[in-house]
Amino acid sequence: VEGLYEISLRPEEIASIQSYAKTYSLTLNTVFQGAWGIYHSRAMKSDDLLIAAVTSGRPEVMENAERIVGVFSNVIPVRIQYPNQSVPLNEWMSALQETFLSIKRFDYLSPDEIARVAGIPDYVVQDVIYFKTLVYLNNPNENCFKGKGLIMQLEEEHSYVNVPLRVYIEPFNHFRVV
């Protein structure tokens, strides 16, 4: 089915997700990436798979990287190993969060470079990026700069990529899954 579909989460659903994340010291990105990994694990009937994660792409080793204006984002493959049912979900999510933190040192590499270094066929990485990307948008909303002498207004944004399946999580005043 072609088209753009949107789901807005109810306030009680948002509160439940936020409470879970806070209870186990998880980022909301980790919770959503974990759910995305579980979905693909079940759909593919595999407990060892690759998903794609959007990273800042801003290398920590680059001098004055924080002073450079512009987009550095990158999409990289991430290996997800879904455990058996004996491992509590929160422990698995914590390990997943550590995985996301550990890959930060690679987030400026191209998918082709990652495939070569990891010994993964290039077509597998391209398939993952094309079909299994969840984008957690944590861009600031217009209220985050209020009272700080800054004005920021986003008139319109069209950053969605034309691929068969890509999920965007927009956690502003409400969560929107597009």
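What order, most packed first, do the peptides 74-81, 109-116, 63-70 have when packing is the mean number of other Cβ atoms within 10 Å of each residue?
74-81, 109-116, 63-70
State the dimensionless ratio Rg/Rh of the stretch 78-130 (Rg: radius of gyration of Cα atoms; Rh: Kirkwood radius). It would help to have the intermediate numbers written out before the result.
On the way: Rg = 13.3 Å, Rh = 12.6 Å.
Taking Rg over the Kirkwood Rh, I get 1.05.
Can you order the peptides 117-124, 38-45 by their average number of other Cβ atoms within 10 Å per residue, highest first?
Top of the packing list down: 38-45, 117-124.
Can you put Phe32, Phe72, Phe106 in order of accessible area, largest first, using a 1.4 Å probe?
Numbers: Phe32 25, Phe72 55, Phe106 80 Å².
Largest accessible area first, the list is Phe106, Phe72, Phe32.
What accessible surface, in Å², does a 1.4 Å probe find on Ser46, ignoring ligands, DNA and RNA and rounding to the nearest 10?
Per-residue accessible area (Ser46): approximately 40 Å².
Quick check: pseudo-label points 7 Å beyond the Cα along Cα→Cβ at Glu13 and Ser94, how many nm apart are they?
My value for the distance between the label points is 2.8 nm.
Over the stretch 19-108, what number does the Rg to Rh ratio reach, with both radii from the alpha-carbon atoms and Rh per Kirkwood?
Taking Rg over the Kirkwood Rh, I get 1.03.
The values are calculated or read from the model by the stated rules, or taken from the named source; none is laboratory data. Since the model is a prediction, treat every value here as computed from it, not as a measurement. Quick reminder, even Gly has a Cβ in these numbers, built from the backbone with ideal geometry, and neighbours come from all protein chains shown. Heads up: the accessible areas ignore ligands, DNA and RNA and are worked out on the full protein's heavy atoms, side chains in. Shrake-Rupley method; radii C 1.70, N 1.55, O 1.52, S 1.80 Å.
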